[in-house]
Amino acid sequence: MISCDILDSHKPQRYMPGMQQIAASGWPFMKMHGLGNDFVVIDTRISDASVTPDLAVALADRHRGVGFDQLAVISDGTDLTITFYNADGSHSSACGNATRCIAAREMALTGAKSLDIAVTGRGTLHAVTAADGVTAVNMGHPQLDWAGVPLAQEMDTLHLPIEGDPVATGMGNPHCTFFVDDVAGVDLQHRGSHIEHHPLYPERTNVQFAQLIGQDHLRMRVWERGTGVTLASGSSSCATAVAAHRRGLTGRKVQIDLDGGTLYIDWREDGVWMSGPTAHVFDGVLTQSFLDGL
């Protein structure tokens, strides 16, 4: 299993990416992904970008825009601040894979070994370069009570009164996790869209279907609220690992195989740590004509 042991760290010096020279003709952006869970990243520290829900929807269009599962907007903060949008323009309070991607790039630019990231709606998350070179992030403590998830009324979050006996977990975002015998046989499109809007979840929910395939080893598929089927989800993986341990299915360290690859989750005393690969695919510029058309 990939280790998340923290290396020696130091405070990074602020460094602005080398795209400032083209910011005047449009808005620079980056395309990143973690296990195929893909993101457009706009760094407002180097442009005058003003991101709106309408812009998020336009950018999410994979035919007329750029395409993404989530839009991440960087601004100044503790080390930096990130605000997330879903593909439908709604806000997301957490996005673990995007947080790791952005942290990996920022640490590579500054030479830092750790980073504090303020995530709108989730608080400050700590990211590190782990001993094996991957990027790990502490996604914070899970919300296990009904009000913290949140649910519409008081109930046992370990056994929801929904067909399939799912578990509710909050990881900044609300989650609904089903444990099934055959995850490949789940109609994810149909069931995910239905459960996302279940009346027990007043803020809608991410939906996971997970199958135990070995000791501390899960296979999982994901439906993300406001986006749909995704190849991976960091916060969903954290929620599923927490739910599996609470159900007595796994220990606190879990390997999760998603459609896009593998993440490693470690529920520690200081929070839920997640590690795995990241990719910075390309840089681009949103043209003024595209922006004027919004």
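The values are calculated or read from the model by the stated rules, or taken from the named source; none is laboratory data. In this text the structure is predicted, and so the values were computed from the model without any measurement. Cβ coordinates were reconstructed from backbone atoms using ideal geometry, including for glycine residues, and neighbour counts include every protein chain displayed. Accessible surface is based on the protein model in full, side chains and every heavy atom, while ligands, DNA and RNA are left aside. Shrake-Rupley method; radii C 1.70, N 1.55, O 1.52, S 1.80 Å.
What are the residue pairs meeting all of these: first residue in the range 274-288, first residue over 19 Å from G133 (Cβ atoms), second residue not in a strand (DSSP E or B), Cβ atoms under 7 Å, and 6 or more apart or on different chains?
Here the result reads D283/M19; V285/I22; V285/S25; Q288/S25, each pair linking the range 274-288 to a residue that is not in a strand (DSSP E or B).
Of the conditions (1) under 16 Å from the mean Cα position of the chain (by Cα); (2) of a type outside the set (S, T, N, Q); (3) buried (at least 23 other Cβ atoms within 10 Å of the Cβ); (4) part of a strand (DSSP E or B), L218 fails just one. Which one is it?
With (1) under 16 Å from the mean Cα position of the chain (by Cα); (2) of a type outside the set (S, T, N, Q); (3) buried (at least 23 other Cβ atoms within 10 Å of the Cβ); (4) part of a strand (DSSP E or B) applied to L218, the lone miss is (1).
Return a yes/no flag: does the range 195-202 have any residue that is part of a loop (DSSP other than H, G, I, E, B) and within 24 Å of H217 (Cβ to Cβ). Outline the logic, then answer.
Initially, the range 195-202 is screened for residues part of a loop (DSSP other than H, G, I, E, B), giving 197-202.
Restricting the remaining residues to those that are within 24 Å of H217 (Cβ to Cβ) gives none.
No, because not a single residue in the range 195-202 is part of a loop (DSSP other than H, G, I, E, B) and within 24 Å of H217 (Cβ to Cβ).
State yes or no: is V134 of a type in the set (A, V, I, L, M), surrounded by fewer than 21 Cβ atoms within 10 Å (Cβ to Cβ) and more than 14 Å from S236 (Cα to Cα)? Full working, then the answer.
On the way: of a type in the set (A, V, I, L, M): yes; surrounded by fewer than 21 Cβ atoms within 10 Å (Cβ to Cβ): yes; more than 14 Å from S236 (Cα to Cα): yes.
Yes; evaluated as a whole, the condition is true for this residue.
Listed here are the residues, each with its yes/no results for (1) within 22 Å of F84 (Cα to Cα); (2) within 25 Å of the chain's Cα centre (by Cα); (3) assigned to a loop (DSSP other than H, G, I, E, B).
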position	(1), (2), (3)
D145	no, yes, yes
P150	yes, yes, yes
Q153	no, no, yes
D156	no, no, yes
H159	no, yes, yes
D165	no, yes, yes
T169	yes, yes, no
H175	yes, yes, no
F178	no, yes, no
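Sort through G96, G67 and tell me the only one that's surrounded by fewer than 22 Cβ atoms within 10 Å (Cβ to Cβ) and of a type outside the set (A, V, I, L, M, F, W, C). Reasoning before the result, please.
Working: G96 fails: surrounded by fewer than 22 Cβ atoms within 10 Å (Cβ to Cβ).
The unique qualifying residue is G67.
What pairs come up if the first residue lies in the range 40-56 and is open to solvent by 60 Å² or more (accessible area, probe 1.4 Å), the second is not hydroxyl-bearing (S, T, Y), and their beta carbons are under 6 Å apart, counting only those six or more places apart or on different chains?
Cβ pairs passing all conditions: P53/G89; D54/L294.
Take the range 221-234 and flag every residue that is of a type outside the set (F, W, Y), touching a Leu at 6+ places or on another chain (Cβ under 8 Å) and surrounded by 20 or more Cβ atoms within 10 Å (Cβ to Cβ).
Filtering the range 221-234 for residues of a type outside the set (F, W, Y) gives 221-222, 224-234.
From the residues that got through so far, the ones that are touching a Leu at 6+ places or on another chain (Cβ under 8 Å) too are 221-222, 229, 231-234.
R221, V222, A232, S233, G234, listed by residue number.
Within the range 114-143, can you find the residues that are under 15 Å from G271 (Cα atoms) and either part of a loop (DSSP other than H, G, I, E, B) or among the basic types (K, R) (or both)?
R122, M139, G140, H141, P142
Please work out if G248 is out of contact with any His (no Cβ under 7 Å at 6 or more places or on another chain), open to solvent by less than 10 Å² (accessible area, probe 1.4 Å), outside any strand (DSSP E or B) and not acidic (D, E).
Working: out of contact with any His (no Cβ under 7 Å at 6 or more places or on another chain): yes; open to solvent by less than 10 Å² (accessible area, probe 1.4 Å): no; outside any strand (DSSP E or B): yes; not acidic (D, E): yes.
Against the criterion (out of contact with any His (no Cβ under 7 Å at 6 or more places or on another chain), open to solvent by less than 10 Å² (accessible area, probe 1.4 Å), outside any strand (DSSP E or B) and not acidic (D, E)), G248 does not qualify.
Identify the residue in the range 254-291 that is of a type in the set (F, W, Y) and farther than 21 Å from L125 by Cβ and, among all such residues, is surrounded by the most Cβ atoms within 10 Å (Cβ to Cβ).
As a first pass, look at the range 254-291 and keep what is of a type in the set (F, W, Y): 264, 267, 273, 282, 290.
Narrowing further to those that are farther than 21 Å from L125 by Cβ: 282, 290.
Details: F282: 8, F290: 17.
It comes out as F290.
Assess whether T262 counts as being of a type in the set (V, I, T), under 19 Å from A168 (Cα atoms) and at pLDDT 95 or above. Break it down into steps so the answer makes sense when it comes.
On the way: of a type in the set (V, I, T): yes; under 19 Å from A168 (Cα atoms): no; at pLDDT 95 or above: yes.
No: the conditions fail for T262.
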